[in-house]
Amino acid sequence: MKKILVTGSAGQIGSELTLKLVEKYGSDNVVATDLREAPENLKQACICEKLDVTICPDVRAMVARHDVGTIYHLAAILSAVGERKPQLAWEVNMNGLYNVLEASVEHSCAVFVPSSIAAFGPGTPKFDTPQDTIQRPTSIYGVTKVAGELLCDYYHKRYGIDTRGVRYPGIISYETLPGGGTTDYAVEIFFEAIKNKKYTCFLKADSRLDMMYMPDAIKASIELMEADGQKLIHRNAFNVTAFSFTPEELALEIKKIIPEFEIRYDVEPIRQGIADSWPSKMNDSAARQEWGWSPSYDLAAMTRDMIEKLIPRLK
Ligand code: NAD
Ligand code: SER
């Protein structure tokens with residue numbers, strides 16, 4: 001088979017998605033790439049290479065050298081870091097994507113490109129956010145995400161490239177820490193609850209956002225790429241969600257397992273502003289209808305599993 005290339009494979013999602021791809025397609029068929037050194041477990045699992053997606057000839061050469069047929073393009077700058085470094089966010093998220101799409105035209109690759117709840121903005125309906133609606137994001141990260149969705153649709157229409165994507169909500173996981181986003185609190189809170197029984201949250205108690213546990217994020221990505229293309233009406237990108245909660249509700253769920261846990265709030269204006277501009281609960285019926293999306297974890301199941309998995313690691 002032609003190989004699967006993952007960009008950004010050392011990140012929160014890449015580090016776990018790559019291992020799942022190896023499990024499914026075999027270690028010789030997956031090439032993990034990142035700007036950073038690969039973690040040891042990834043080096044043991046598959047071919048690992050350094051790749052800066054902003055360097056077009058390097059992206060093209062990597063795709064050619066490994067006879068790549070599918071690219072999971074995860075390299076990106078996330079929302080909070082993006083607001084600190086907007087030029088870098090544009091360079092990586094837009095030029096990196098352009099380079100990946102150009103290489104895909106040259107080598108007829110299928111491409112998975114994640115978008116985000118960040119592709120929406122303050123003018124978007126906050127509840128039951130439709131698949132097709134107003135998208136006027138106000139963060140640079142969101143601007144690159146909505147432009148990325150359009151660029152992927154354009155490459156599909158213009159060059160016939162099989163581009164597909166999901167609008168991930170905040171992703172919760174325990175293997176690799178998040179890379180500097182607005183939803184990072186929903187991961188940090190578990191580490192602090194177990195280590196110190198308290199957490200100071202940078203978002204307000206009632207900031208409601210869509211979220212998803214990592215096994216479902218991986219499932220969504222692979223199932224979409226394996227779906228029958230003829231049945232896809234939408235491509236870039238599908239709303240997908242598992243549950244939505246506020247910091248207060250997540251804290252109450254954690255308290256059911258760690259009763260001493262206390263949450264406090266010290267609101268950080270930049271990340272709060274970003275969160276306020278995002279939807280609270282997306283409608284993901286298009287993903288359900290077009291390729292059978294259905295999450296496995298609800299809030300309670302995710303909370304139980306996170307705590308069970310983290311306790312032995314943090315001892
Ligand atoms: P992350 O920040 O954890 O990982 C991104 C990886 O990209 C890092 O390992 C980083 O080293 C790498 N990278 C940065 N610049 C690069 C460059 N120039 N060349 C090559 N690699 C580079 O991010 P993540 O959470 O794993 O996100 C993966 C994708 O999913 C991104 O497109 C992100 O926007 C999207 N997404 C993530 C979430 C989430 O909650 N994690 C939610 C919505 C969408
Ligand atoms: N979790 C991501 C962020 O907060 C959403 O795309 O940036």
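No value in this document is a laboratory result; all are computed from the given coordinates. For clarity, every value in this text was computed on a predicted model and none was experimentally measured. For neighbour counting, all protein chains shown are included, and Cβ atoms are generated from backbone atoms with ideal geometry for every residue, glycine included.
The figures follow:
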read-out: Kirkwood Rh in Å, taken over all unlike Cα pairs in the chain; value: 19.7 Å
read-out: Dipole-positive endmost among Ile222, Tyr199, Met212 within segment 192-238 (Cβ charges, Cα centre); value: Tyr199
read-out: Base-10 log of normalised Debye intensity for segment 1-152 (one unit scatterer per alpha-carbon) at q = 0.10, 0.21 Å⁻¹; value: -0.36, -1.26
read-out: Relative pair counts by distance (%), Cα atoms of segment 166-315, 5 Å bins; value: 2, 9, 19, 21, 19, 14, 9, 5, 2, 1, 0
read-out: Spin-label pair Gln44/Lys157, simplified geometry with 7 Å Cα→Cβ offset, distance in nm; value: 4.8 nm
read-out: Between 0 and 90°, nearest 10: helix 56-65 axis offset from the chain longest Cα axis; value: 70 degrees
read-out: With Cα atoms, 0 to 90° folded angle of helix 140-159 axis to the chain main axis; value: 30 degrees
read-out: In nm, spacing of pseudo-spin labels at Ser294 and Glu37 (7 Å Cα→C-beta vector); value: 4.5 nm
read-out: Per-pair calculated FRET efficiency, R0 = 51 Å: Glu262 and Gln230 via Cβ, rounded to 0.05; value: 0.45
read-out: Diffusion coefficient, µm² s⁻¹, Stokes-Einstein with Kirkwood Rh over alpha-carbon pairs of segment 153-208 at 20 °C and 1.002 mPa s; value: 152 µm²/s
read-out: Placed amide H near Ile47: partners under 5 Å, 5+ positions off or other chain; value: Val30, Ala32
read-out: Estimated FRET transfer efficiency when R0 is 51 angstrom, pair Asn196-Glu106 (beta carbons, to 0.05); value: 0.50
read-out: Length added when fully stretched, Lys204-Asp52, from 0.36 nm per residue minus Cα-Cα; value: 51.1 nm
